[in-house]
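K.L.:
Sending over a structure as structure tokens; questions will come in a sec.
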Amino acid sequence: MRAFAYDSYGGTGSIHELPDPTPEAGHVRVRVHAASLNPFDNFVVQGYMKDRMPTPFPLVPCADLSGTVDMVGPEVEDFKTGDQVFGITGRMIGQGTLAERTVASSTTIAKRPAAIEDIEAAAMPLVSVSALMSVEAAGVKPKDVVVVIGASGGIGGYAVQLAALRGAHVVAVTSKGHEDYVRKLGAAEVIDRGAGDVLGQLRSRHTGGVAAIIDTISDAAGLARLSEAVRNGGAVTSMRGAASAEDLGKRDIKAVNIGTQVNTARLSELAQLRTEGKLQSPRIRTFTLDHAGDAFTAIGQGGGGKLVVTI
């Protein structure tokens, strides 16, 4: 099979011819139609995770996928050959989805509704589940003022939508040029994080404090400062492990560092919301497998939205 793979950390990926994988018990093989990149994937190929998560070479990156089941391993009951699915591999890094075929755990994929095309489905798994877990952890309720930091990114865009669906008044903190996009997703207010003091603006607009901050980008020091805008009894979530339970607990603020766990139930819930028209697709840029290296260059430059490679 053709795959885009790396022969060393920090190197330049290229097309390889690799053997077709075979699914073990509890897994299926998927003919990949599309795969998406996340910042973590770039950390892996650059070698930032090599001491914690070493991987053999050639390294096939990425975990998000959409495709067709073409082989079923033992002890799989919920999927059959020909099923259209989306999700993540749920396997060791380096055995990824930038390939014509990959193997995925049956517990980390779901059936893809026909209303969601492959490219969008491949963009959803990690970011939408991360957003769902963040909104749930923050305990978002109707009329809550909820601040989403990094609102135009993959996770942030879904967090804005999911919080708004719960009836929250969403304040989107994003970079200049993304204001209209986050308003379209459901943000009631927008703050340009590059234009000045975000904490000052939150305090002046919401003198009684906000109910929650859902943060996708800040480090510990930055999040600690922003958390001063949260009222006592509120919540702060972080995708970067930056929420300090010890410090925030002194103000009766719930601190949750999200460890994303993609599973069939969460994927199915999000797919149903999308099918019902309650969620919008994120902004997506597409690349062919032969140009997957350009996608890694693009993700290193940032810019929001999702990057999807078609296979």
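K.L.:
Exceeding 19 Å between C-alpha atoms, which entries from my cross-link table qualify? They are Lys184/Lys278; Lys80/Lys111; Lys254/Lys306; Lys141/Lys254.
P.N.:
On the way: Lys184/Lys278 12 Å; Lys80/Lys111 10 Å; Lys254/Lys306 30 Å; Lys141/Lys254 15 Å.
From Lys184/Lys278; Lys80/Lys111; Lys254/Lys306; Lys141/Lys254, over 19 Å: Lys254/Lys306.
K.L.:
Relative to the longest principal axis of the chain, what angle (0 to 90°, nearest 10) does the C-alpha long axis of helix 125-138 take?
P.N.:
30 degrees
K.L.:
In addition: Within the accessible area of the range 202-311, what % is carbon and sulfur when the probe is 1.4 Å and the other protein chains stay in place?
P.N.:
Details: 2370 of 5340 Å².
Accessible surface attributable to carbon and sulfur in the range 202-311 totals 44 percent.
K.L.:
Out of all DSSP beta bridges with both ends in the chain, state the antiparallel percent to the nearest 5.
P.N.:
On the way: 29 of 58 bridges.
Among the beta bridges of the chain, antiparallel pairing accounts for roughly 50 percent.
K.L.:
Show the residues, 5+ positions off or on another chain, whose built amide H is closer than 5 Å to the amide H of Val72.
P.N.:
For Val72, whose amide H was placed from the backbone, the distant partners under 5 Å are Arg29.
K.L.:
I'd like to check one number: the per residue accessible area of the range 160-247, probe 1.4 Å, reported in Å² as a whole number. Provide the component values of the computation, followed by the final result.
P.N.:
Details: 3890 Å² over 88 residues.
Accessible surface, normalised per residue, equals 44 Å².
K.L.:
What percentages make up the Cα-Cα pair-distance distribution of the range 183-311 when the bins are 10 Å wide from 0?
P.N.:
The distribution over the range 183-311 is 10, 28, 35, 22, 5, 0, given as percents.
K.L.:
So, one more: Whole-Hz ³J(HN,Hα) for each residue in the range 211-227, computed from phi via Karplus 6.51 cos²θ - 1.76 cosθ + 1.60 with θ = phi - 60°, x for glycine and proline: what do you get?
P.N.:
6, 7, 10, 10, 10, 10, 9, 6, 7, 4, 5, x, 6, 4, 5, 4, 5
K.L.:
Per residue Cα convex hull volume for the range 199-245, in cubic angstrom? Before the final figure, lay out the partial values.
P.N.:
Values: hull volume 3.0 nm³, N = 47.
Spelled out: Cα convex hull of the range 199-245, divided by residues, is 64 Å³.
K.L.:
Next question. List the extent of the Cα atoms of the chain along each of their three principal axes, largest first, rounded to whole Å.
P.N.:
60, 40, 36
K.L.:
Right, next: At 0.36 nm per residue, and after removing the present C-alpha to C-alpha distance, how many nm does the segment from Lys50 to Lys141 gain when stretched out fully?
P.N.:
Values: separation 91, 0.36 × 91 = 32.76 nm, distance 4.05 nm.
Full extension of this stretch gives 28.7 nm more.
K.L.:
If you don't mind, another one. What's the whole-number percent of alpha carbon pairs in the range 113-227 lying beyond 26 angstrom?
P.N.:
Numbers: 954 of 6555 pairs.
The calculated P(r) of the range 113-227 puts 15 percent of pairs beyond 26 Å.
K.L.:
Taking one equal scatterer on every alpha-carbon of the range 1-82, how large is log10 of I(q)/I(0) by Debye at q = 0.19, 0.23, 0.27 1/Å?
P.N.:
Debye output, listed in q order: -0.94, -1.15, -1.27.
K.L.:
Between the range 55-70 and the range 158-203, how far is it from one alpha carbon centroid to the other, in angstrom?
P.N.:
What the calculation gives is 34 Å, centre to centre.
The values are calculated or read from the model by the stated rules, or taken from the named source; none is laboratory data. On a predicted model such as this, the values are computed, not experimentally measured, just so you know. Keep in mind that these areas ignore ligands, DNA and RNA; they rest on the heavy atoms of the full protein, side chains included. Shrake-Rupley method; radii C 1.70, N 1.55, O 1.52, S 1.80 Å.
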